[in-house]
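Below: the structure, in structure tokens.
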Amino acid sequence: MKYNQDKKVTTPLSNRRGGGGEAFYSFVIKETRHILRDKRTMLILFGMPVVLMLLFGFAITNDVKNVRTVVVTSQMDHQTQAAVNRLAASEYFTIITTVPTPRDAEMMIRSQKADISLTPKPHPQPHSRASSGMGSGYTWQIMVDGSDPNMAQQWTAYAQAILSQPISGKKYILPSPIGMGPGVRLLYNPRMKSAYNFVPAIMGMLLLLICAMMTSVSIVREKEQGTMEVLLVSPVRPLMIIVAKAVPYLVQALIILVIILVMSATVLDVPLQGSVGWIMVVSLIYIMLALSLGLLISNIAKTQFVALLVSAMVLLLPTVMLSGMLFPVESMPVILQWISAVIPPRYYIEAMRKLMIMGVGIEQVWREVAVLAGMTALLLVVSLKKFKQRL
């Protein structure tokens, strides 16, 4: 205990720097009020998840629907007509018109008036009835717009599966929802809805961007405005200051996660097959990783603009292109597969697809959880050490 010249008792320095719970909560409340006061931040935090969920759920989709179809009627009979009617009765194809020759159908596709054309062709071989699956000696020539190869393959597969369905009496056996024909069974996503793929991917992208971007901007703003030094001379330790600034974003990230899960189950009709508790636990680890990454970005950036730019370039592009969100990692070149191995959203998206869509237990995602936990610990240690050195 030290005394000054007037014999007045002063507070020990260790106690002053240690701070207390009330000071820590006051910093949390301060940051929370700052977030709630900023309308633009609130719009980004809660508006962007809803908009992206609606866009990827309804607008941005690779589902096969309403494919513009033209039928060549030069060699039609009642059985081929029945197959065409069955095609039109599905939700995948729309018969826009019929033409007399294949040349006319090709011109319609070239002029962007149709996507696919169907032409019945005689098949005189004796095994044609069994091979065609239509009960007649006909096969189908399919001409399709191949400017988008992926969609062209899907359209062709769906059309072949529907046209190959057998006819029972006067009733047409409609194709199964997957449009894959008999003998094929798809697990976990029988209707081939793209929302099953996009929902886990959106979760990985949003939680990383919001947590990392908002945390980095929040800390950089204090440095840019010169208020960080004021905070550091407060009775709260520097580590507690950083934790207090991250707590509101942690809570908001959990709220956003709940919003996404509710929208996926109600609006997008994507069921939660796995344990909601384990989904929250794995998401919490991922959120901690994102907050640690935001702290690391705040050590690099000196202005809010630089923090936003680094967040967009370092986080957004790799997440969209290399995490498996849109493109399969297995189809990428080897060098890009190695780069994707260090991208955290890749493991979170894989874990969420297994937990949410497949409904597996936590033991089936231990590898992804271990990688996320290891990355979180590494980023947190490096970020805190770098932060202390800079200050």
- Message: Pairs please, first residue from the stretch 198-211 and within 21 Å of residue 292 (Cβ to Cβ) and among the aromatic types (Phe, Trp, Tyr), second anywhere and part of a helix (DSSP H, G or I) and open to solvent by less than 10 Å² (accessible area, probe 1.4 Å), Cβ atoms under 6 Å, 6+ apart in sequence or on different chains.
- Response: none
- When (1) touching a residue at least 60 places away in the same chain (Cβ under 8 Å); (2) closer than 24 Å to residue 193 by Cα; (3) of a type in the set (Gly, Ala, Ser) are applied to residue 292, the one that fails is (2)
- Task: Please find, among 360, 342, 381, the residue that is within 25 Å of residue 216 (Cα to Cα), part of a loop (DSSP other than H, G, I, E, B) and open to solvent by 30 Å² or more (accessible area, probe 1.4 Å).
- Result: 342
- Working carefully through the options 246, 265, find the one that is closer than 27 Å to residue 360 by Cβ, of a type in the set (Gly, Ala, Ser) and not in a loop (DSSP other than H, G, I, E, B). 265
- Task: Determine, yes or no, whether residue 374 is open to solvent by less than 80 Å² (accessible area, probe 1.4 Å), closer than 23 Å to residue 278 by Cβ and in contact (Cβ under 8 Å) with a residue 60 or more places away in the chain.
- Result: no
- Item | In the stretch 298-309, residue most open to solvent (accessible area, probe 1.4 Å) [restricted to those that are part of a helix (DSSP H, G or I) and over 9 Å from residue 213 (Cβ atoms)] | 305
- Subset of the stretch 310-332 [closer than 21 Å to residue 378 by Cα, crowded, with 21+ Cβ neighbours inside 10 Å and not aliphatic (A, V, I, L, M)]: 311, 319, 323
- Query: Residues in the stretch 122-157 that are at pLDDT below 60 and open to solvent by less than 40 Å² (accessible area, probe 1.4 Å): how many?
  - Reply: 7
- Some residue of the stretch 263-273 being modelled with pLDDT of 80 or more, touching a helix residue (DSSP H, G or I) at 6+ places or on another chain (Cβ under 9 Å) and β-branched (Val, Ile, Thr): yes
- Query: So which of 361, 324 ends up being in contact with a Gly (Cβ under 8 Å, 6 or more places away or on another chain) and at pLDDT below 90?
  - Reply: 361
- What are the pairs, 6+ residues apart or on separate chains, where a residue within the stretch 246-263 that is farther than 15 Å from residue 277 by Cα and in contact (Cβ under 8 Å) with a residue 12 or more places away in the chain has its Cβ under 9 Å from a residue that is acidic (Asp, Glu) and surrounded by fewer than 21 Cβ atoms within 10 Å (Cβ to Cβ)? 246/31; 247/31; 248/31; 249/31
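The values are calculated or read from the model by the stated rules, or taken from the named source; none is laboratory data. Only a predicted model underlies this, so the values are computations on that prediction, with no experimental measurement involved. Cβ sites come from the backbone with ideal geometry, for glycine too, and all protein chains shown count toward neighbours. Quick note on the areas: whole protein, heavy atoms, side chains included, nothing else; ligands and nucleic acids left out. Shrake-Rupley method; radii C 1.70, N 1.55, O 1.52, S 1.80 Å.
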